Amino acid sequence: MTRFGMLLLCTLQVAATSAAAEDLIQAGQWKVTATTVMNGAAAPPQAKARCLTPEQTGDVAKTFGPVSGTVNSTCEQTEYETNGRTLKWHLQCRGQLDMDVAGSFNFDTPLHYTATITSKGRMAGALISDVKTELEGERVGDCQQ
């Protein structure tokens with residue numbers, strides 16, 4: 001994976017959460033499987049375990065929203081929408097590195113969600129990174145202490 005790809009993955013907080021007014025998903029131990037295609041090359045799926053606290057599952061914007069980690073660029077969230085069991089957002093960064101990152105999450109049950117995150121990075125107008133990550137989150141039990 002390129003340094004840009006690692007930067008992008010590190011700047012996106014991807015976890016499971018729920019809205020305060022609605023139980024979109026439950027706190028607990030989650031298995032999140034990511035399938036990534038970077039610049040046309042598919043990487044093998046990667047699964048990671050993550051324990052989510054009730055605090056983390058209580059704020060969709062904070063837990064699933066984009067986090068900017070760029071240097072010498074200014075970022076603006078141009079879209080943020082929650083509707084029922086879905087969350088969509090779009091982040092645009094302009095400067096030394098221009099990035100467009102969009103996320104779409106579907107919390108289909110309190111025990112499962114799917115998401116797609118896409119990003120395109122450009123320097124001096126030239127496309128240097130085109131990444132699409134498909135996520136599937138599944139609650140597998142209670143967190144281990």
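The values are calculated or read from the model by the stated rules, or taken from the named source; none is laboratory data. This one's a predicted model, so the numbers in the text were calculated from it and none came from an experiment. For neighbour counting, all protein chains shown are included, and Cβ atoms are generated from backbone atoms with ideal geometry for every residue, glycine included. Accessible surface is based on the protein model in full, side chains and every heavy atom, while ligands, DNA and RNA are left aside. Shrake-Rupley method; radii C 1.70, N 1.55, O 1.52, S 1.80 Å.
Rg/Rh for the stretch 35-133 (Cα atoms only, Rh after Kirkwood) is 0.99.
I need the peptides 27-36, 45-54 ranked by packing, meaning the mean over residues of other C-beta atoms within 10 angstrom, with the highest value on top.
27-36, 45-54
A 1.4 Å probe, protein heavy atoms only, puts the accessible area of Met38 near 30 Å².
The GluC sites (Glu not before Pro) of the stretch 54-145 that DSSP puts in a loop, and whose beta carbon has at most 13 other beta carbons within 10 Å, are Glu55.
Other residues lying with their Cβ under 15 Å from the Cβ of Lys31 contribute a combined charge of -1, Lys and Arg counting +1, Asp and Glu -1. Here's how it looks for Ile25: its modeled amide H is under 5 Å from those of Ser18, Ala19, which are all 5 or more places away or on a different chain. Just so you know, the Rg over Rh for the stretch 22-69 is 1.07, from Cα atoms, with Rh as the Kirkwood radius.
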